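Following: one structure in structure tokens, then a few remarks.
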Amino acid sequence: MKAIEVKHPLIEHKVGILRDKRTGTKEFRELASELAMFLCYEAMNDAVTDEVEIETPMAKTKVKRINEDRYAFVPILRAGMGMSEGITRIIPNAKIGVIGLYRNEETLEPVRYYYKVPKDIKDREVILLDPMLATGGSAVDAIKMIKEDGVKKIKFLCLIAAPEGIKKVEETYPDVQIYCAKIDDHLNDIGYIVPGLGDAGDRIFGIK
């Protein structure tokens, strides 16, 4: 599957503000959350709906609703948490798992330190959340963990993706669809996306 770069003038606008080094922590968090909502709309355009009967103030009618028990959203710590608020704003009853990974700054390889997901994860479609798809190491490791739990359908949502990261995910797990707000140019020699937006986790949590 080819990575899907979700194109819309509002997304372009918000990504432009997100990139700006002058953008403060509060606004950065809000933008990351809003962009996650836009990406979620696109990623769930194939969601299965159930028909139920309700009563409006005027009459009975049949409406379509998404069965939220079919899905689980799993942010990759720590930066992925910056996207989860946007998801729960549009899917309030969403089941949220957590995968803790950090990047070894010398080897650029992911190091696992936490894993907690819904017990019935294998019966759900899983949507992984991480603002940056850089080397692809963390994404591939997270996908591997989810697949080992029996999950059949996985999607990956990120704000910014590098071609190198996309290639690694597509070559390792060609069945996983990637959705992103922007595909950037390349990685620099220390594994950061260029032009990128810096360290998303640091900017979301106001560390630097």
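A few comments on the model shown:
- Enumeration of residues in the range 183-208 that are touching a Lys or Arg at 6+ places or on another chain (Cβ under 9 Å) and either over 20 Å from LEU77 (Cα atoms) or surrounded by fewer than 22 Cβ atoms within 10 Å (Cβ to Cβ) (or both): GLY191, PRO195, GLY196, GLY198, ASP199, GLY201, ASP202, ILE204, PHE205, GLY206
- If the condition is being touching a Leu at 6+ places or on another chain (Cβ under 9 Å) and under 21 Å from TYR179 (Cα atoms), then the range 111-132 contributes ILE127, LEU128, LEU129, ASP130, PRO131, MET132.
- Strands (runs of 3 or more DSSP E) fully within the range 35-116 counting 2 or more residues that are in contact with a Ser or Thr (Cβ under 9 Å, 6 or more places away or on another chain): 49-55, 60-66, 71-77, 98-103
- Taking the range 18-34 as the range and being in a helix (DSSP H, G or I), more than 27 Å from LYS167 (Cα to Cα) and not charged (D, E, K, R) as the test, the residues that pass are THR25, PHE28.
- Within the range 11-28, considering residues that are of a type in the set (A, V, I, L, M) and under 18 Å from the mean Cα position of the chain (by Cα), the one surrounded by the most Cβ atoms within 10 Å (Cβ to Cβ): LEU18
- Cβ-Cβ contacts under 6 Å between residues 6 or more apart (or on different chains), taken from a first residue in the range 103-114 that is β-branched (Val, Ile, Thr) to a second residue that is at pLDDT below 80, are listed as VAL111/TYR102; VAL111/ASN104.
- A single member of ASP141, ASP202, ASP175 is at negative phi and either assigned to a loop (DSSP other than H, G, I, E, B) or of a type in the set (Phe, Trp, Tyr) (or both), and it is ASP175.
- LEU101 vs. criteria closer than 21 Å to ILE193 by Cα, at pLDDT 90 or above and crowded, with 20+ Cβ neighbours inside 10 Å: no
- Within the option set LEU35, LEU129, LEU31, being without any contact (Cβ under 8 Å) to a residue 24 or more places away in the chain, surrounded by 14 or more Cβ atoms within 10 Å (Cβ to Cβ) and of a type outside the set (Phe, Trp, Tyr) holds for one residue only, LEU31.
- Residues of the range 72-102 that are aliphatic (A, V, I, L, M), touching a residue at least 40 places away in the same chain (Cβ under 8 Å) and under 12 Å from VAL117 (Cα atoms): ALA72, VAL74, ILE76, ILE99.
- Test: residue in the range 157-169 that is more than 22 Å from VAL15 (Cβ to Cβ), surrounded by fewer than 20 Cβ atoms within 10 Å (Cβ to Cβ) and either modelled with pLDDT of 95 or more or not polar (S, T, N, Q) (or both): yes
The values are calculated or read from the model by the stated rules, or taken from the named source; none is laboratory data. Remember, it's a predicted structure, so these values are computed and weren't measured experimentally. When we count neighbours, we look across all protein chains shown, and the Cβ atoms used for this are built from the backbone with ideal geometry, even at glycine.
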